[in-house]
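Here's the structure, in structure tokens; my notes come after.
The values are calculated or read from the model by the stated rules, or taken from the named source; none is laboratory data. Only a predicted model underlies this, so the values are computations on that prediction, with no experimental measurement involved. Note: ideal-geometry Cβ built from the backbone for every residue, glycine included; neighbour counts use all protein chains shown. When the accessible area is computed, the model is the full protein with side chains, heavy atoms only, and any ligands, DNA or RNA have been set aside. Shrake-Rupley method; radii C 1.70, N 1.55, O 1.52, S 1.80 Å.
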Amino acid sequence: MVNKICLVATYRELANLAYDLKKELNLPIDVVEGSLEEGTQQALKAEREGAKIIISRGGTASMIRRHVKIPVVEIRVTGYDVFRAIYPVSGPERILGILGYESAVIGCRPAAQVLGISIHEIILMMDGRKTQWDSVRAEVKQLMEEQGVNTFIGDTSVMTHLDFPSLDVRLIMSSRESILPAVEDAVNLLRVQEEEQKATQRFQAILNFVHDGILATDEKGCITLLNPAAEKIFHVRQSQILGQHITKVFKDTRIDKVLKYGQEEIGQLQKIHEGHILTNRIPIHVDGSVKGVVATFQEVTQIQDAERTIRQSLYGKGLVTKYTFADILTIVPKVKKLVEVAQGYSLTGATVLIQGESGTGKELFAQSIHASSPRAHGPFVAVNCAALPPQLLESELFGYVEGAFTGAKKGGKIGLFELAHNGTIFLDEIGDMDKGLQARLLRVLEERRVMRLGSDALIPVNIRVIAATNIDLRKQVAAGQFRNDLYYRLNVLNLPMISLRDRREDIPLLATHFFNHFSREHNKGIKEFPKEINPLFSEYSWPGNVRELKNISERIVLSAENGRIDLPAVRLMVDELRLLQEGQPDCHEDHELLRGTFQDIKRKVIRRVLQEEGWNKSRTARRLAIDRMTVDRFENA
């Protein structure tokens, strides 16, 4: 089978005419021969080989239609075909009988009237029952004997079954004009089939690949459709439940109620064996009647995952960690032990309080804990509680709805707690948080729910909290500046950071790392870290800890020329740091401080205050009454 249309010719002349038309008009059909049972076998074979439409005529077309599942287009008997068959036998000595299916017999009547011929009809049944040819032949014989019928016309069944020697049997043959409409109908039908098939395939592709489970029933409540997502949710196969009543397959569904009352149910939680799903049940209304129900299902975990993805894609720029425990460089046993403790903390979901001086690597440890935890694929949201005014920090942490306050963004804004859902939120410098906000934070820690500003809806959040401070919170609690209950809620797991002056053995290791890093970053080409710098660094107390060491390392690298570091200049820098720490700047230094442009003076003042504040940027910003971003901009300028 090459073409999708097969014409089953019931006699040789019809086959020849079909072949000629196919060749002449380049018709997309195959032609085979066979009448009645033989023609039916040919049609079944064509169907197995991929034919989509069968063309045939008369009784053969009727028989084929009962046996194949594809459409059958019948070559109709036209008045011209009948006239051609009757006219040669229209003499007065002929008494004519018509034998065939109703369509052929009815077609003969007008031609007989025009020619003035009386005809005797025998109509074959088309109700699917097998024709009883013995009784048909008896009826023909009766017409021959009682009415003098000497000529019968009809289709190929007449030629096959009327074997009386004295009877003139003639076939009503189809003309070119009869075949063409049938072929055109078949071609048009094939085109419609192919368009419907494309639409069905597109629809099936949507059903197969949509993430929602989809189920449909007919008006009786019998299942007509179940897509792969629904199969996965309910652990059933469509082939196993198709056609069954919905209540026999799913015990806790309300689809039968929607079918009965015609009322849709949107966003309903439904319990299944493995948890809960969100379902919508929609009645199918046709001409005012409910003809079925379509239901969609979403797993709650899938909704949560999608929500997290949307949050990250819309607001989550940079909400990933840059550091892991491998980035913590040390040769000091007590620091290694601290890393081991932090690695153990990462395996839990408990709140961690990291305490230590500014610059000791509190955020480095926080990021490392997150990166090694089961939440590693979730967001890591860091917020500095001292960098923003209380009102602004509150709106950032909790978010707000549209119209919550003057200047609120249209559509509202998601808060950082929501943004950290299924991940970690790092609250740096928690000791500087306003007491009013402390109360709201305590409620979040206790209930794991947040409420946006201007809203009365509580939003569940699955977050881990890591807090950090360079302030002694116990003294803050004693002074009434920090809530006692919040302190104990935060201090579930404690991580005390070690200052750089207490791990001096790490200074050469860290300095070498920073020198190499900044040499590459600034393309300075420094091939070797001068060992003479180590004693200078080891003697200094580093109030700014690792951050201060990093900053001075970058300054030294930037001052290098032709790949060489000027050791006297390094000594001056370290001496400057020591003098600033001791608070004994001389007149010459004050004079130098005021030299240069206004931008130079700003840079020098900010750097001096940074050093005096132990490289704590938030305290520096508050002391100078500037924002933290300005401190960041001038720190290494």
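The table for this structure:
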read-out	value
With DNA, RNA and ligands ignored, accessible area of LYS4 (1.4 Å probe; Å², nearest 10)	80
Value of [θ]222 nm, deg cm²/dmol, for the chain, DSSP H segments ≥ 4, -39500 (n - 2.57) each, nearest 500	-14500 deg cm²/dmol
Charge-dipole axis of the chain as Lys and Arg at +1 and Asp and Glu at -1 on Cβ define it, positive-most pick from ASN384, LEU167, VAL89	ASN384
Rounded tilt (10° steps) of 133-146 against the dominant C-alpha axis of the chain	30
Spatial separation of Cα centroids for the range 497-514 and the range 37-70, in angstrom	90
Under-14-angstrom lysine pairs by C-alpha in the range 215-288, whenever the two are 8 or more apart or on separate chains	4
Packing rank of 235-247, 418-430, where each peptide gets the mean count of other beta carbons within 10 Å, highest leading	418-430, 235-247
Degrees, to the nearest 10: 333-346 long Cα axis against longest axis of the chain	30
Residue-normalised accessible area of the chain, expressed per residue, 1.4 Å probe, Å²	52
Helix 567-582 vs. the chain, principal-axis angle (Cα, 0 to 90°, nearest 10)	80
Per-pair calculated FRET efficiency, R0 = 41 Å: GLU402 and ALA205 via Cβ, rounded to 0.05	0.60
Accessible surface of the chain [probe 1.4 Å, protein heavy atoms]: carbon and sulfur percent	51
Hits among lysines - C-alpha to C-alpha of LYS475 under 28 Å, sequence gap 8 or more where chains match	LYS334, LYS337, LYS362, LYS435, LYS617
Cα centroid separation, the range 447-495 to the range 183-239 (Å)	53
Lysines whose Cα lies under 20 Å from that of LYS524, excluding same-chain neighbours fewer than 8 positions away	LYS550
Peptides ranked, highest mean first, by Cβ atoms within 10 Å: ranges 136-142, 497-503, 5-11	5-11, 497-503, 136-142
The range 33-122: relative contact order in percent, alpha carbon pairs under 8 Å with at least 6 residues between	23
Relative contact order (%) - the chain, alpha-carbon pairs under 8 angstrom, separation at least six	8
